[in-house]
Structure formats: C-alpha cells, structure tokens
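Worksheet: one structure, shown below.
Every number here is computed from the coordinates shown, using simple stated rules; none is lab data. No experiment lies behind these values; they were computed from the predicted model shown. Because the Cβ atoms are built from the backbone with ideal geometry, glycine has one as well, and the counts that use them run over all protein chains shown.
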Amino acid sequence: MNILLVNDDGIYAPGMAALGQALGTVGNLYVCAPAENRSAMSHSITVTDHVYVNEAVYPAAERALVITGTPADCTKIGLQFFGEEGIKFDFVYSGINMGSNLGIDTLYSGTVGAAMEAAISGVRAVAVSAYERNTTHFETACELALAVMEPMMRDLDPETIININVPDLPKDQVKGVLVTSLGRRNFIDFFKLKDTGGYKLTGDPQDFADGDKAIDLAAVANGYASITPLHFDFTNKKELETLRSWDLRI
C-alpha cells in the first residue's frame, strides 16, 4: 500500500512526524509538505507564482519532497511527481494538524483543503487534527488514522473525505469515538492594530462544552474523538427545487 502524507504546518511539524511514523508501519510512505507553515490556506493552489520543489530526507518515508506552495499544491505535486515514477497511491493523509479543524474551520483549513484535493483526484483522503496548537498527545489521532483505513476501502467511495479531530489528552482519557456532523462555530475574533502599523487577526473560539455531542465541536470539547465525512460538493441540494420554482427570465 502506498500512502502520500501532506500537511499545512510545514514539513518538520511534530504532528506530521508522529503520523508519518504510524503510517510507515502499514505502507510505503511518501511525503510532500510545505517548507513553512501555510495554515488557513484553505483549498488554494498556486497559479500566479512559481512553486519550487526539492528533495528532502524524512523519517520512515521512501521519498520526500519539500515545496514552496500551498497544502493543496502539496497534494497535486505529490500525486503528479511520484505518479510519474509509477507510484499509485491508495491514500492521502493530511496532518496531524496542530489545532482543530472543526465546524466552519474546515472552510479555512489547509489541512482539509489538501485532503479535498486528493478526493477530487480520486484518491481516498483523511484529514487529521489535534485540538490544541501546542498538542503533545498524538497517539489517539495516529491510532484512529490507521483504524479508518480498512473500512474506508470497504465502504466509502474515494470522493468522501474523513475528517478526524481528537482532544489533547492521553489515550486512556479519551472517552471514545463519535461520528459527528459539522457544527457552526464562529470565532470571537477581530483584526487588531499592531505596532508595525499593520493589522493581525486575533480572538478565541466559542465554548461548545455544553453542546450536542452529535456535533463535532461539542464531541471534542467533551473529551471524545470525532470523525466526520466531508465532500467537496457544496451544493445545497434541498434548495434545488426552490430555485427551480423561481420565475427567472433573461
């Protein structure tokens, strides 16, 4: 089995290293990652600039590339460059992200965007994130990342992305795994004027500890690991007939 590992935190991020070690035990690992942190890049790709690609050395990996592009670029380049050498991938894993990708976060997330790019290319994809930006507990995320492989291959089409989020807790303190829907989280944020004269976005997320644990935000806030199936088709299908009923003429 061939696995491409990508991320948005940069090639030397500790979460990616932990996931790479785990994936290397079950398949042939290949890596393509940004040279530096490219968080919140969503599904952007580089079209107005050059992307530079270099070989890198990465633990547990057969081959590794480090690039100057976005997380989605990493997926595109990894699939193309290694594919040109005859390597066909069974999975693309994105993460482990330092910080959760829950609810509305998924629209901004470079981690999820890189996984989405794999699904568009017809390769099964998993996005993996840990709740805190200074996470130290990766074991649950790694174990769950491996556990979804077999059922994904058996039950899901390649266009379905699995989005995994885990609390920053020792494995024996994680309460279990919940299948969840995306919640609606709005950050209490604002652009703050800095001494340099520029503005920087700052703020905090809402607290969902008292929320419905069928929602990803509340599940993780209450000590559960969350898995959510995602898709790149944003169509609001329940409103298609509503729009067809409109008397629109040009």
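Radius of gyration (Cα atoms) of the stretch 132-175, expressed as a multiple of 2.2 N^0.38 Å: 1.34.
Note on the stretch 210-250: Cα convex hull, mean projected area over all directions, 5.0 nm². Beyond 11 Å, what share of the Cα-Cα pairs of the stretch 2-47 remains, rounded to the nearest whole percent? So the portion of pairs separated by more than 11 Å is 67 percent. Distance between the C-alpha centres of the stretch 103-162 and the stretch 1-78: 14 Å, rounded to the whole angstrom. Where the alpha-carbon atoms of the stretch 109-250 are placed on the principal axes, they occupy 60, 53, 32 Å, in descending order. Each residue of the stretch 25-142 gets 116 Å³ once the volume of the Cα convex hull is shared out per residue. Of all beta bridges that DSSP places with both ends in the chain, some 35 percent have antiparallel geometry. Couplings for the stretch 89-100, taken from phi via the Karplus curve 6.51 cos²θ - 1.76 cosθ + 1.60 with θ = phi - 60°, read 8, 8, 9, 10, 10, 10, x, 6, 6, 7, x, 6 Hz in order; Gly and Pro are left as x. Take every DSSP beta bridge whose two residues both sit in the stretch 1-124; close to 20 percent of them are antiparallel. Extension gain for the segment ILE45 to ALA147, taken as residue separation times 0.36 nm less the Cα-Cα distance, is 33.7 nm to one decimal. Summarised in one figure, the compactness ratio Rg/Rh of the chain, Cα atoms and Kirkwood Rh, is 0.99. For the stretch 1-84, the orientation-averaged shadow of the C-alpha convex hull comes to 5.2 nm² (one quarter of the hull surface). Would you mind telling me the antiparallel percentage of the DSSP bridges in the stretch 82-217, rounded to 5? So the antiparallel bridges in the stretch 82-217 amount to around 30 percent.
Peptide packing for 235-244, 131-140 was compared via the average number of neighbouring C-beta atoms within 10 Å per residue; ordered from the highest value, the list is 131-140, 235-244. Once Rh is set to the Kirkwood radius over Cα pairs, what Stokes-Einstein translational diffusion coefficient, in µm²/s, holds for the stretch 106-162 at a temperature of 4 °C and a viscosity of 1.567 mPa s? Estimated diffusion coefficient is 106 µm²/s.
Summary of packing: across the peptides 194-201, 227-234, 112-119, the per-residue average of other C-beta atoms within 10 Å ranks them, highest first, as 112-119, 227-234, 194-201.
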